[in-house]
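The values are calculated or read from the model by the stated rules, or taken from the named source; none is laboratory data. Everything numeric here is computed off the predicted structure, so don't read it as measured data. Cβ placement follows ideal geometry from the backbone for every residue including glycine, while neighbour counts extend to all protein chains displayed. Just so you know, the surface numbers come from the protein's heavy atoms only, side chains and all, with ligands and any DNA or RNA stripped out. Shrake-Rupley method; radii C 1.70, N 1.55, O 1.52, S 1.80 Å.
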Amino acid sequence: MKGLIAKKVGMTQVFDENGNLTPVTVIHVEPNTVIATKTQDKHGYSAVVLGLEDLKESKVNKAYKGQFPENVSPKRHLKEFRDFEKEVAVGDQIGLELFEKTAFLDVTATSKGKGFQGVMKRWGFHGGRASHGSKFHREAGGTGNCTTPGHSMKNIKMAGRMGSERVTVQNLKIVKIDPELKVVLVRGAVPGNKNCTLIIKSAVKK
């Protein structure tokens with residue numbers, strides 16, 4: 001597996017050589033620093049820990065700072081990637097060149113929070129008639145039994161907090177990689193707000 005920590009810039013659109021318009025998401029990828037490596041012999045599995053975005057040492061406690069080597073400054077974002085395909089060493093910088101021969105990506109992020117929502121917005125319920133006097137417009141309807149047990153069963157779709165969940169969108173096609181601007185354009189949308197932190201990985205189903 002190949003993966004990096006990145007930032008979401010936003011969405012735009014590009015034209016291909018045939019004049020077709022493609023909506024794309026712009027992902028900014030600063031070089032990730034290798035914080036640690038884990039091996040099968042020592043840890044029981046192989047993995048690479050990557051870090052992004054420097055922190056001031058004055059704002060880092062000793063417990064957090066202790067996991068970083070002497071020649072590496074503390075990082076705000078850390079992510080462990082198992083079975084990393086590239087051979088790396090602690091302190092190395094890994095950038096967009098990691099995905100030069102990759103065609104599809106899986107992108108993971110925390111989706112936008114939408115607060116407390118009703119069943120029509122949260123689950124796509126149709127609701128009742130909108131006409132006058134129906135008394136059933138945007139309600140959920142029955143959610144439980146009228147006799148024993150007199151309560152709602154588990155996993156009933158009801159109103160509640162929507163969004164702000166860990167979401168992975170798979171098989172996003174790479175439209176363009178720009179090493180100078182350190183951005184990668186992928187077809188379609190990815191979860192999260194602008195400037196949120198993303199985890200981009202080579203697609204597992206391609």
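So here's what we get for this one:
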{"quantity": "Scope segment 108-131; condition in a loop (DSSP other than H, G, I, E, B), more than 17 Å from residue 168 (Cβ to Cβ), open to solvent by 50 Å² or more (accessible area, probe 1.4 Å) and touching a residue at least 12 places away in the same chain (Cβ under 8 Å); matching residues", "calculated": "125"}
{"quantity": "Residues being part of a loop (DSSP other than H, G, I, E, B), among the small types (Gly, Ala, Ser) and either over 14 Å from residue 8 (Cα atoms) or touching a Cys at 6+ places or on another chain (Cβ under 9 Å) (or both) - total across segment 147-190", "calculated": "3"}
{"quantity": "Whichever residue in segment 33-64 is closer than 19 Å to residue 7 by Cβ and acidic (Asp, Glu) and, among such residues, is farthest from the chain's Cα centre (by Cα)", "calculated": "54"}
{"quantity": "Set 20, 71: member being open to solvent by 90 Å² or more (accessible area, probe 1.4 Å) and either modelled with pLDDT of 90 or more or at negative phi (or both)", "calculated": "71"}
{"quantity": "Filter result (surrounded by 12 or more Cβ atoms within 10 Å (Cβ to Cβ) and among the acidic types (Asp, Glu)) within segment 53-68", "calculated": "53, 54"}
{"quantity": "Test for residue 194: is it within 17 Å of residue 29 (Cβ to Cβ), not hydrophobic (A, V, I, L, M, F, W, C) and not in a loop (DSSP other than H, G, I, E, B)", "calculated": "no"}
{"quantity": "Given (1) at pLDDT below 95; (2) within 28 Å of residue 112 (Cα to Cα), index of the condition residue 44 fails", "calculated": "(2)"}
{"quantity": "Lone qualifier among 164, 202, 134, 111 - being among the small types (Gly, Ala, Ser) and over 22 Å from residue 52 (Cβ atoms)", "calculated": "134"}
{"quantity": "Selected residue [surrounded by 14 or more Cβ atoms within 10 Å (Cβ to Cβ), hydrophobic (A, V, I, L, M, F, W, C) and at negative phi] from 181, 198", "calculated": "198"}
{"quantity": "From the options 143, 168, 147, residue that is open to solvent by 50 Å² or more (accessible area, probe 1.4 Å), touching a residue at least 12 places away in the same chain (Cβ under 8 Å) and among the polar types (S, T, N, Q)", "calculated": "168"}
{"quantity": "Selection from segment 85-107 of residues that are of a type in the set (Asp, Glu), part of a loop (DSSP other than H, G, I, E, B) and closer than 22 Å to residue 185 by Cα", "calculated": "100"}
{"quantity": "Condition check for residue 41: surrounded by fewer than 14 Cβ atoms within 10 Å (Cβ to Cβ), farther than 16 Å from residue 175 by Cα and free of Cβ contacts under 8 Å to residues at least 40 places away in the same chain", "calculated": "yes"}
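So that you can scan it fast, the table gives a plain yes or no per residue for (1) out of contact with any helix residue (DSSP H, G or I) (no Cβ under 8 Å at 6 or more places or on another chain); (2) closer than 23 Å to residue 30 by Cα:
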position	(1), (2)
174	no, yes
186	yes, yes
201	yes, yes
206	yes, no
